[in-house]
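Written out below as structure tokens is the structure these notes cover.
The values are calculated or read from the model by the stated rules, or taken from the named source; none is laboratory data. A quick note: this is a predicted structure, and the numbers were derived from the prediction, not measured. Note: ideal-geometry Cβ built from the backbone for every residue, glycine included; neighbour counts use all protein chains shown. With ligands, DNA and RNA removed, areas are computed over all heavy atoms of the protein, side chains included. Shrake-Rupley method; radii C 1.70, N 1.55, O 1.52, S 1.80 Å.
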Amino acid sequence: MRFRPRASGLALLAVCSLTLAACSAGSLGSSSDSGSGSVEITYLIGNQDQDMKEAQQLVKDFTAKNAGISIKIETRPAGTEGDNIVKTRLSTGDMPEVFNYNTGSLFQAIAPQKNLVSLSDQPYVGDLDDNFKNTVTADGQVYGVPVGGFMGGAVLYNIPVYKKLGLTPPKTWAEFMANSAKIKAAGGGVAPVIQTYGETWTAQLFVLGDFHNVAAAEPDFAEKYTKNQAKYATSAAAVKGFEHTEAVHDAGLENKDFASAKLPDGLKMLATGTGAQYPILSGVVANMIATYPDAAKNVGLFALPGDDASKNGLTVWTPGANYIPKTATGAKLDAAKKFLAFVASPDGCKSQNTAGAPTGPYAVKGCTLPADVPQAIKDMQPYLDKPGGSSLALEFVSPVKGPSLSQITVEVGSGIRKAKDGAARYDEDVKKQAQQLGLAGW
């Protein structure tokens with residue numbers, strides 16, 4: 001499974017029948033409902049509920065300040081179907097003046113140098129977070145602006161449980177295991193570490209969320225990994241994600257129903273205090289709070305700890321981005337650039353806040369989180385503010401990812417397979433994909 005910022009379980013909203021041309025703007029309440037301006041551009045977005053809420057609010061607030069521009073909203077499906085629509089519309093010259101799409105390896109796959117307008121000369125580029133900027137850069141040129149916030153691969157924890165036992169968020173793996181042992185010893189039916197292998201993707205966090213620690217120990221790992229010069233099984237840093245998965249099981253720290261429990265079960269345990277710590281993506285916080293409102297103040301977040309407290313930091317997944325295709329020209333291109341400048345500004349962030357609670361810190365300097373965001377989301381901000389306090393997830397810096405990682409981590413975390421064996425099996429798993437991509441060295 002590929003983790004995406006919009007793949008956190010948010011419900012899809014079927015607004016209208018989705019074809020290559022997608023929905024009409026009127027059905028989504030675009031600015032053209034209140035009269036056309038002298039220039040009209042189209043904004044293509046994903047069809048998830050929050051995507052549409054954000055787009056509508058951004059359009060509303062932007063056009064209120066730019067009376068000569070109107071923006072029509074179109075939608076596309078998510079997943080592979082949506083990927084194919086983006087690639088087709090770019091190749092046929094039929095892409096709207098602004099479109100929202102993924103960052104990282106999927107961004108590289110749409111040939112940005114050939115198909116997109118460079119934004120490197122825009123004054124706001126210097127205000128974009130470096131983690132984000134790296135995921136929308138090709139040949140030294142920046143092509144996208146962020147929409148939405150970062151997600152973290154981290155540990156969500158129950159604050160009342162921690163306070164009751166006098167625990168503090170750990171900065172090393174040894175401290176994490178010590179905290180977990182104290183929770184186990186205290187009894188009371190509280191599972192020290194929540195695991196939900198009934199949804200296998202959740203088993204990957206000890207590996208994928210650990211990449212900040214891998215990058216801190218071996219800064220060139222991603223580059224070597226892409227070239228088949230480094231492997232999980234033989235990297236002292238990278239294998240630790242598998243070893244940590246194994247260690248939690250061997251120490252008996254999981255909830256008893258870890259093999260069958262699913263994400264909603266894990267969130268319930270965390271929110272109600274029957275589970276203390278849950279390695280998971282921060283994108284699930286909104287869903288948890290919708291069901292358990294008190295979790296907004298009772299659940300915090302800390303980065304997956306490694307060996308070195310001085311290098312403690314958060315592995316992040318970047319938000320999607322807005323891009324301009326090269327087919328946009330003249331007045332429409334100027335209007336598209338103005339819209340992106342608004343999106344990449346504190347006013348654009350405020351607009352997104354109006355549309356819904358952010359999933360994490362914004363990737364634009366000067367943007368602040370609302371005071372009433374959940375504590376777990378607040379806890380992410382210091383990692384982003386600290387130099388060297390965060391690193392991109394591996395999938396944003398390498399296209400190599402095998403399809404079987406979730407199944408392998410379930411086996412390791414269930415005691416079926418040893419950590420070293422799991423890492424070696426995953427190294428074998430990625431070969432086929434790397435060869436399909438035509439990467440050198442495979």
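Estimate the FRET efficiency between SER120 and LYS65 by the formula 1/(1 + (r/R0)^6), using the beta-carbon distance for r and 25 Å for R0, to the nearest 0.05.
0.50
Taking the C-alpha atoms of the chain, how large are the radius of gyration and the largest Cα-Cα span, Dmax, in Å?
22.0, 69
Take peptides 180-191, 148-159, 255-266 and line them up by average Cβ neighbours within 10 Å, highest first, as a rough protection proxy.
For the peptides 180-191, 148-159, 255-266, the packing ranking is 148-159, 255-266, 180-191.
Mind checking Rg over Rh on the stretch 325-401, alpha carbons, Kirkwood formula for Rh?
1.08
Eight or more residues apart or on different chains, and alpha-carbon atoms under 29 Å: count the Lys pairs in the stretch 370-442 matching that.
Within the stretch 370-442, the lysine pair count is 10.
Any idea what diffusion coefficient the stretch 115-271 gets from Stokes-Einstein, in µm²/s, Kirkwood Rh on alpha carbon pairs, 10 °C, 1.306 mPa s?
Stokes-Einstein gives a translational diffusion coefficient of 86 µm²/s.
Is the shape of the stretch 246-403 best called rounded, prolate or oblate, per the rule: a/c under 1.5 gives rounded, else a/b larger than b/c gives prolate, else oblate, with a ≥ b ≥ c the square roots of the Cα gyration tensor eigenvalues? Mind showing how you got there, number by number?
On the way: a/c = 2.09, a/b = 1.73, b/c = 1.21.
Prolate, since a/c reaches 1.5 and a/b exceeds b/c.
Of all the accessible heavy-atom surface of the chain, with the other protein chains kept in place and a 1.4 Å probe, what percent is carbon and sulfur?
52 percent
Please work out the FRET efficiency for the pair THR168 and ASP220, using the Cβ-Cβ distance as r and a Förster radius of 30 Å; give the result to the nearest 0.05. Don't skip to the answer; put the middle values down first.
On the way: r = 33 Å, r/R0 = 1.10.
So the FRET efficiency works out to roughly 0.35.
For the stretch 213-259, what number results from the quotient of the Cα radius of gyration and 2.2 N^0.38 Å?
Relative to the 2.2 N^0.38 Å estimate, the stretch 213-259 comes out at 1.46.
So which of LYS224/LYS262; LYS231/LYS268; LYS231/LYS365; LYS338/LYS365; LYS326/LYS365; LYS114/LYS240 end up more than 30 Å apart, counting from Cα to Cα?
LYS224/LYS262; LYS231/LYS268; LYS231/LYS365; LYS114/LYS240
Going Cα to Cα from LYS350, which aspartates and glutamates come in below 13 Å? Please leave out same-chain ones fewer than 8 positions away.
GLU54, ASP61
Relative to the first principal axis of the alpha-carbon coordinates of the chain, what is the inclination of helix 49-65, with its axis defined by its Cα atoms, in degrees from 0 to 90 and to the nearest 10?
Compared with the principal axis, the helix lies near 40 degrees.
Check cross-link reach from LYS65 to the aspartates and glutamates: straight Cα distance under 14 Å, and skip same-chain residues fewer than eight apart.
Partners within reach: ASP347.
Specify whether the C-alpha gyration tensor of the stretch 53-93 places it in the rounded, prolate or oblate class, a ≥ b ≥ c being the square roots of the eigenvalues: rounded for a/c under 1.5, otherwise prolate if a/b is larger than b/c and oblate if not.
On the way: a/c = 4.95, a/b = 2.00, b/c = 2.48.
It comes out oblate by the Cα gyration axes.
Counting only heavy atoms of protein chains, what accessible area per residue, in Å², does the chain have with a probe of 1.4 Å? Please list the in-between numbers first.
Working: 17270 Å² over 442 residues.
Per residue, the chain has an accessible area of 39 Å².
Hey, could you pull the Cα Rg and Dmax for the stretch 255-338, both in Å?
Final numbers for Rg and Dmax: 20.2, 63 Å.
Full-extension gain between LYS432 and LYS182, please, as 0.36 nm times their residue separation minus the C-alpha to C-alpha distance.
Working: separation 250, 0.36 × 250 = 90.00 nm, distance 4.33 nm.
My answer for the length gained is 85.7 nm.
Give the shape of the stretch 82-156 as rounded, prolate or oblate, defined through the alpha-carbon gyration tensor: a ≥ b ≥ c are the square roots of its eigenvalues, a/c under 1.5 means rounded, and otherwise the shape is prolate if a/b is larger than b/c and oblate if not.
oblate
Assuming R0 = 22 Å, what is the FRET efficiency of THR92 and ASP334, from their Cβ-Cβ distance, to the nearest 0.05?
Efficiency for this residue pair is about 0.40.
Around GLY68, what is the net charge, scoring Lys/Arg as +1 and Asp/Glu as -1 over all other residues with Cβ under 13 Å from its Cβ? Walk me through the numbers on the way to the answer.
On the way: positive: LYS65, LYS332, LYS338; negative: GLU40, ASP334.
Net local charge, GLY68 excluded: +1.
Net charge within 14 Å of GLY389 by Cβ-Cβ distance, Lys/Arg positive one each and Asp/Glu negative one each, not counting GLY389 itself?
Taking every Cβ under 14 Å from that of GLY389, the sum is -2.
Can you give the helix-only mean residue ellipticity at 222 nm for the chain, where every DSSP H stretch with n ≥ 4 adds -39500 (n - 2.57) and the sum goes over all residues, rounded to the nearest 500 deg cm²/dmol?
Helix-only estimate at 222 nm: -11000 deg cm²/dmol.
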